Each structure stands twice: as structure tokens, then as C-alpha cells.
Amino acid sequence: MIHRYPDLYPEPEVTRDRRRGAAHIAREMALVVITILLAAAVWKFVVGYMSWGSSAPAAAIQGADLEGGVLTVTIQNIGAVPIQNVTLVYLNGPLARPVPLITAPLPPGASAGTSVDVANITSRAPPCVIAVLVVYEDNSTQILGATAAS
């Protein structure tokens, strides 16, 4: 084959060294394995980072009853972070001194109820509007509101 510019298109060198052929395949396979391992590591990091944000704390008031001056409140931990304590902060108006309702840790999925004598706090007949402050073990807080009826 005649080329106009022979330096630009050199003839390919043909070698028959069998040892180098196997090394080339092994090197390519090692690169593929390393690439797959790096992709798996990045995937685990991304999935772990994304699931970290979804473990948010959350709670719900399952029931609130006011009868005979006694307030009964049931709280359920519906999040992934344990509840440290629950305090009554509002009963038909802000309370000058918050009333502790639950002081023991409440693990995720668990419920706890408590009764508090509030006859000296409010003289209003039910229904009453209440608000509780929930403090989680990661120091985040949440205010929950409900209407306590008899």
C-alpha cells in the first residue's frame, strides 16, 4: 500500500509474544473489577446519606382527655429517634410553668400515657386546647397540639 505521507500512517507492528497477551487481558479485568468496586462504594455512600435524612424524629398525640380536672395524654413515638421527655406548655393559654408529662425515654414505635391534675391550672370545662413540647434525644424539638375533651 502506497501512502502519500508514510510517517503519519506507519505500518502496524505484528508481534506474536503470547505472554503479553494474557497480561493485557488480566489488566483489563482488574480495571473492570476496580471500577465495579468503586461504583458499589459510591452507591453505598449515596444510599446511606439519603437514608440518614429520612430518620427524622416524629411523635403523635394518640389521645387527650380532660375529665374532673385530670388531663390524660397519650403520646406515640412514630419516628426513628427516641423521645427524651414531653412537657405540657399550653392549656387554654400559655402556662407560666410547664408541666412535665413524660420524663422517661420513649423508644421509636412505643406509646406512653400519663395523667396530670390540672384543676388548679384551668377552670374551663372541656373541650380544652393543649400543646405539648416533645424533646428528642438528638436535642430536636416538636410542638404537638390537640383538643382535650371529656
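Read-outs throughout are calculated quantities, based only on the coordinates presented, and are distinct from any laboratory measurement. Computed from a predicted model, the values in this text were never measured in an experiment. Note that each Cβ is placed from the backbone with ideal geometry, even for glycine, and that neighbours are counted across all protein chains shown.
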Calculate, in nm to one decimal, what Arg27 and Glu137 gain on full extension: separation in residues at 0.36 nm each, minus their alpha carbon distance.
34.5 nm
Protection proxy ranking of 33-45, 137-149, 76-88 - average other beta-carbon atoms within 10 Å, highest first
76-88, 137-149, 33-45
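Can you pull a Stokes-Einstein diffusion coefficient for region 59-148 at 10 °C (1.306 mPa s), Rh from Kirkwood over Cα pairs, as a whole number of µm²/s?
122
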Between Val129 and Ala96, what is the FRET efficiency for a Förster distance of 25 Å, r being their Cβ-Cβ separation, to the nearest 0.05?
0.90
